[in-house]
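Notes for the one structure printed next.
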Amino acid sequence: MAARRRARARLAALTVPLSSASETPADDSWDFALEVASTNAPHSSPKGGAPGAFHAADYDNDAAAELLVSSPWGAGLLKLAGNTMKALMLYPNGTRFGGWLLNTADNHFMASGPLSDGIGEVLVTSPWGLGILALSGTTMASPMLQPNGTRFSGWLLNTADNTF
């Protein structure tokens, strides 16, 4: 637990380079600074949060948190490696994770943590509906996707007016 707190404190002080380029940078360098207010719990961002939002969770089941980051270019999963970050995955907008279409202009990454199977996953919404994404090798899988109009028992999913 103390090691996790120290790692979270180190993450709070990081500046992670991200790019607004339309292609994955060949040298894995990005030009975008993350500002971290708190790293005590799984993060959620406000609906309509600005690009550059991130979510910390143990996505690869190694007992250490990784960061899911997004920018106008796309999304990535970063892992602390010494005093820097290593990209576990980087994908541009337009990529499909299973049935989920990545579009950081309208995708809202809402919460991270063990949502369905005990490892790090992220809840994501868009004008289409709701999904859960999980790391699968060097990409993301979509273990749950539901379009707007789906009923969960009596609750009607409508991402235009539902609050998560």
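A few points about this structure:
- Shape of the range 59-152, Cα gyration tensor, a/c cut at 1.5: oblate
- Sites ALA63 and ALA105, calculated FRET efficiency, Cβ-Cβ separation with R0 35 Å, nearest 0.05: 0.55
No value in this document is a laboratory result; all are computed from the given coordinates. Only a predicted model underlies this, so the values are computations on that prediction, with no experimental measurement involved. Note that we place each Cβ from the backbone using ideal geometry, even for glycine, and neighbour counts take in every protein chain shown.
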